[in-house]
Amino acid sequence: MVSKVGISMPVFMSALILIGLLAALGFSLVLPQGSTAQVFGIGDNGKTVAVNDGSTFKIKLDENPSTGYSWNESVTPGLTITASDYISGANMPGAGGTHEWTVKAAGKGQQQFSGIYKRSWEPVTGNENKFVITVMVK
C-alpha cells in the first residue's frame, strides 16, 4: 500500500527536530543565563557574603523618602552600583517602599556596601540606622 502523504517520515522527523532546536535557541536568548542574582536585605546586615568576580547582586532595603529619610550608600572600589531605584510600595501618599541597588563585583577580595538611613540635611549623629555587608569577591 502506498502512502499519499506529501513528505516522508525521515523528512518530517528532521523538521520536527529542527523546530525543537530553534525553539530551544530562542528561549536561551530570552531567558537569563546562569543562576539568578543573589538578593540581600536588612536580615543580612553585618554579614559576610561571597560572590563571583564579574557577577551582579541586588540589595533591597525599606525606604520612605516622603518623610525625608533615604539611604545614603557607599561602596568600596571593587564594587560598582549599576542601578539604584526606589520602588513605591503602595499608591497612598506617605507610604513607603523599597530601595533596590544592583551591584556588580568588579574586583576580587574583601569589598563592602554600606548605607546610612538619614535625612540629607541633618548631620550624622551616630544614632542612624545603618546597613553594612561585607562582600568576598572570589
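Read-outs: derived from the displayed coordinates by stated rules, not from any lab. Note that this is a predicted model, so its numbers are computed, not measured. Please note: Cβ atoms are built from the backbone with ideal geometry, for glycine as well, and neighbour counts cover all protein chains shown.
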Reachable lysines, given that their alpha-carbon falls under 22 Å from the alpha-carbon of Lys130 and they are not under 8 places away in the same chain:
Lys47, Lys58, Lys60, Lys104, Lys118
Give me D for segment 38-137 in µm² s⁻¹, whole number, from Stokes-Einstein with Rh from the Kirkwood sum over alpha-carbon pairs, 4 °C and 1.567 mPa s.
92
Sorted by chain and number, the residues with a modelled amide H under 5 Å from that of Asn52, at a separation of 5 or more or across chains, are Lys138
Burial-style ranking of 102-109, 91-98, 40-47, 71-78, average other-beta-carbon count within 10 Å with highest first, yields 102-109, 71-78, 40-47, 91-98
